[in-house]
Amino acid sequence: MKRTTIGFVLIAMLTIGMTIPGAATSVTSDHSAAASSGAAEIEGQENAIQTDSDSSVDVTVGQQLSTVIGVSSDEVQTDFENTAFEVSVEEASEEEQAEAVAERAEELREEAEDIREEYEDATEEYEEGDISKSEYAQRLATLNARATNIADSYEQLQRRAANVSASELRSSGVDPATLDDPIDNVSSVSGTGAAALLDRFTGEAEGEIELETADGLSIEVTGEDGERSRELERTRDDDRTISVSQSTALQTARKAIATPETGDWQHVESSVKDHEGAYEFEFALRNAPDQTGEAEVRVDGSSGKVYKLEEEIEARDGDDEDEDEREDDDEREDEDEREDDDEREDEDEETETETENEETETETENEETEAETETETEDEETEAETETETEDEETETETD
């Protein structure tokens with residue numbers, strides 16, 4: 001996550017007449033809400049005049065200030081917890097390290113579960129009309145910041161766990177295999193759409209926001225330079241079998257991606273998630289002179305419906321052009337390698353055929369030679385028998 005600059009945070013705090021709390025390291029799990037209370041009055045007044053007649057979302061100055069404060073507070077708390085974890089494993093025995101990993105893993109799982117519950121609560125409140133669309137979008141943005149912090153902390157945990165033996169981890173109640181899996185409970189608020197909301201609510205980006213929940217959560221943020229982030233999240237059924245063909249799922253994924261203003265989406269990779277009962281398809285924006293983009297679509301293997309989509313288009317810079325050129329070069333190299341492999345296979349097949357023909361000819365020649373040899377042998381035996389008979393007849397004649 002792009003961390004909000006300290007200068008912006010201080011300006012925000014001074015604007016609403018707040019000061020940084022002295023005991024930042026003792027913030028509890030409710031720190032984000034508590035730190036945002038100073039801007040609640042401003043935010044409430046501005047939300048009162050907002051309308052919710054369509055899918056667009058207006059972001060007020062009060063919301064931006066409260067979001068910056070809440071996000072900054074959560075960053076302080078996360079830094080404190082990560083530092084405490086580092087201290088607990090530094091120069092500790094392997095057994096103590098395993099215990100610290102187990103404790104930290106449980107803390108992160110609980111925080112991820114809290115995020116999931118808060119997301120569900122916010123969605124329910126919005127659908128029942130208890131909060132406005134703008135308030136709902138702001139809460140999603142804040143949850144995205146917290147989810148990103150958890151992901152960073154989890155990477156730190158994985159690095160430290162890699163230095164502990166699997167047997168010691170199991171003794172502390174940690175399954176080493178599960179440490180390789182991402183935290184699923186935060187997936188609803190960790191996509192490109194929610195991240196774009198965060199940029200908008202912290203003032204780091206400008207643009208229009210479209211948010212809908214009629215058919216799953218749909219977030220689309222469009223920037224002034226044609227940049228666009230789009231995310232779709234739908235609830236799946238419990239069927240994890242795969243009955244839909246991959247080609248059909250790919251067609252569905254293609255239709256789900258929005259048509260770009262310039263260029264076109266090209267399919268670059270496919271994968272089958274057997275344990276999830278789903279297909280995953282990745283696309284890249286090509287032939288767009290001023291833009292670069294990526295999209296990822298997941299299709300349910302039993303229903304054939306798109307349940308997750310992330311799409312992002314950004315303005316192109318020099319690095320992106322170089323990257324595209326490298327990708328094009330890689331694609332050409334791959335194509336050349338495939339052609340070379342095909343040629344080698346054809347040559348191998350021709351060589352095998354020639355070898356088989358030569359072997360067949362050799363066998364035929366050998367058989368003919370054997371046949372001739374047998375014939376000659378038979379002829380010699382016949383001649384010998386004839387000579388013997390002649391000699392016998394001559395002997396009998398002489399005797400007579």
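Results, tabulated for the structure shown:
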item	result
Yes/no for E280 being touching a strand residue (DSSP E or B) at 6+ places or on another chain (Cβ under 6 Å), under 30 Å from A315 (Cβ atoms) and either in contact (Cβ under 8 Å) with a residue 12 or more places away in the chain or exposed (fewer than 15 other Cβ atoms within 10 Å of the Cβ) (or both)	yes
Candidates S172, S188, S165, filtered to the one that is more than 22 Å from T222 (Cβ to Cβ), surrounded by 14 or more Cβ atoms within 10 Å (Cβ to Cβ) and in contact (Cβ under 8 Å) with a residue 40 or more places away in the chain	S172
Residue match in the stretch 247-254 (condition: of a type in the set (G, A, S), surrounded by 14 or more Cβ atoms within 10 Å (Cβ to Cβ) and at pLDDT below 95)	no
Within the stretch 141-167, tally of residues that are outside any helix (DSSP H, G or I) and polar (S, T, N, Q)	2
Index of the failed condition, S88 passing every other in (1) touching a residue at least 24 places away in the same chain (Cβ under 8 Å); (2) surrounded by 15 or more Cβ atoms within 10 Å (Cβ to Cβ)	(1)
Residue within the stretch 158-165 that is among the hydrophobic types (A, V, I, L, M, F, W, C) and at pLDDT below 90 present	no
Filtered residues of the stretch 191-222 (kept if without any contact (Cβ under 8 Å) to a residue 24 or more places away in the chain and among the acidic types (D, E))	E206, D215
Evaluation of A214 against (1) closer than 26 Å to A145 by Cα; (2) surrounded by 15 or more Cβ atoms within 10 Å (Cβ to Cβ); (3) among the aliphatic types (A, V, I, L, M) (one fails), failing number	(2)
Test for A205: is it touching a strand residue (DSSP E or B) at 6+ places or on another chain (Cβ under 9 Å), surrounded by fewer than 22 Cβ atoms within 10 Å (Cβ to Cβ) and at pLDDT below 90	yes
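The values are calculated or read from the model by the stated rules, or taken from the named source; none is laboratory data. What you are looking at is a predicted structure, and each value in this text was computed from that prediction instead of being measured. We place every Cβ from the backbone using ideal geometry, glycine too, and count neighbours over all the protein chains shown.
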